[in-house]
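Peer 1: Have a look at this one before I ask anything.
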């Protein structure tokens, strides 16, 4: 299990989400995934990155409630706890 800090998780999530197209400057915690044009396939890819990086699994049910960049970071941090 990883002992990554919230800031480290936030950096990794933002880095990964930016690889799907949005500018890093647009990836603020309150930004919705919809307005950033992040779709379910992108979230599945993010889940794989999180599993590879931190050894935690994010299921489709977990990701279903994720609406913003901040929600995404919160979910990963919660999985690490």
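Peer 1: Residue check: is residue 25 more than 11 Å from the chain's Cα centre (by Cα) and farther than 12 Å from residue 72 by Cα?
Peer 2: Yes; evaluated as a whole, the condition is true for this residue.
One line per residue, one yes/no per condition, for (1) in contact (Cβ under 8 Å) with a residue 40 or more places away in the chain; (2) on the phi > 0 side of the Ramachandran plot; (3) assigned to a loop (DSSP other than H, G, I, E, B); (4) exposed (fewer than 12 other Cβ atoms within 10 Å of the Cβ):
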site: 37; (1), (2), (3), (4): no, yes, yes, yes
site: 45; (1), (2), (3), (4): no, no, no, no
site: 49; (1), (2), (3), (4): no, no, no, no
site: 57; (1), (2), (3), (4): no, no, yes, yes
site: 61; (1), (2), (3), (4): no, no, no, yes
site: 73; (1), (2), (3), (4): yes, no, no, no
site: 77; (1), (2), (3), (4): yes, no, no, no
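Peer 1: Looking only at the stretch 1-32, how many residues end up being in a helix (DSSP H, G or I), touching a helix residue (DSSP H, G or I) at 6+ places or on another chain (Cβ under 7 Å) and surrounded by fewer than 17 Cβ atoms within 10 Å (Cβ to Cβ)?
Peer 2: Total meeting the criteria: 3.
No value in this document is a laboratory result; all are computed from the given coordinates. Owing to the predicted nature of the structure, the values given are computational and were not obtained by experimental measurement. We place every Cβ from the backbone using ideal geometry, glycine too, and count neighbours over all the protein chains shown.
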